[in-house]
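K.L.:
The following block contains the structure, expressed as structure tokens.
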Amino acid sequence: MEFKQVMVVRRDLGMGTGKIAAQVAHASLMAAKKAEEKKPEWFAAWFEGGQAKVVVKVQSLEQLMGVKRHAESLKLPVALVQDSGRTQLDPGTSTCVGIGPAPEELVDKVTNSLKLL
């Protein structure tokens, strides 16, 4: 079984490249920590297997929250990143969702239709 992690980024916020990179890093770490706590066997398999990651995009908060709800309905590890507001965005702005690490076939049910960033 293959495991992966997917980060979903909002593209409607006008974030710069560095800002996106930071938000994706937050999502990856937060979701990985959740997986390690709740699904340690998934985390271990993913970590030992090279930590496969994919970054995809959505165009709105509504899309982002829909992806989050779908992932949660499948009992996947999910982390929502809300910006601290120190640079480009208002405090509390939802920027990114991390999903997994989890079995690839489960993650794909949520993110397979989304385009790569």
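K.L.:
Step through the table entries LYS33/LYS109; LYS19/LYS39; LYS53/LYS109, compare each Cα-Cα distance with 26 Å, and write down the pairs that go over it. Write down the numbers at each step before the final one.
P.N.:
On the way: LYS33/LYS109 22 Å; LYS19/LYS39 29 Å; LYS53/LYS109 16 Å.
Distance filter (> 26 Å) returns LYS19/LYS39.
K.L.:
Which of the helices in the chain meet the span-like rule: DSSP H, Cα axial reach of 20 Å or more, Kyte-Doolittle mean at least -1.0? Walk me through the intermediate numbers first.
P.N.:
Values: long enough: 17-38 (31 Å, -0.19).
For the chain, where a helix must reach 20 Å along its axis and average at least -1.0, the hits are 17-38.
K.L.:
I want to check the label-to-label distance for SER84 and GLN63. Put each point 7 Å from Cα in the C-beta direction and report it in nm to one decimal.
P.N.:
The modelled label-to-label distance comes out at 2.8 nm.
K.L.:
GNM on the chain, C-alpha springs below 10 Å: top fluctuator among SER94, SER60, SER28?
P.N.:
The residue that fluctuates most here is SER60.
K.L.:
Using the Karplus curve 6.51 cos²θ - 1.76 cosθ + 1.60 with θ = phi - 60°, work out ³J(HN,Hα) for each residue of the range 85-94 in order, rounded to whole Hz, and write x for Gly and Pro.
P.N.:
x, 7, 10, 8, 10, 6, x, x, 5, 7
K.L.:
Taking 0.36 nm per intervening residue step and subtracting the Cα-Cα distance, what contour gain separates GLU48 from LYS75 on full extension? All intermediate terms of the calculation are to be shown ahead of the outcome.
P.N.:
Values: separation 27, 0.36 × 27 = 9.72 nm, distance 2.20 nm.
Value of the extension gain: 7.5 nm.
K.L.:
Using all C-alpha to C-alpha distances in the chain, build P(r) with 10 Å bins and read off the rounded percent in each one.
P.N.:
15, 50, 29, 6, 0
K.L.:
Next question, about the same structure. Compute the relative contact order of the chain as a whole-number percentage, counting only Cα pairs closer than 8 Å that sit 6 or more residues apart in sequence.
P.N.:
The value is 41 percent.
K.L.:
Which order, highest average first, do 34-40, 48-54 follow once you tally other Cβ atoms within 10 Å for each residue and take the mean per peptide? Don't jump to the answer; show the numbers that get you there.
P.N.:
On the way: 34-40: 16.1, 48-54: 13.6.
Going by the mean number of other Cβ atoms within 10 Å, highest first, we get 34-40, 48-54.
K.L.:
What is the sum of charges, Lys and Arg at +1 and Asp and Glu at -1, for the other residues whose Cβ falls under 11 Å from the Cβ of GLY98?
P.N.:
Net of charged neighbours comes to +4.
K.L.:
Could you tell me which residue out of GLN88, SER28, VAL8 lies farthest along the dipole of the range 3-111 toward its positive end? Charges go on the beta carbon: Lys and Arg +1, Asp and Glu -1, centred on the Cα centre.
P.N.:
Result: GLN88.
No lab work stands behind these numbers, since they all come straight from the coordinates. All values reported here derive from a predicted model rather than from experimental measurement. Every residue, glycine as well, gets a Cβ built from its backbone with ideal geometry; the counts of neighbours run over all protein chains shown.
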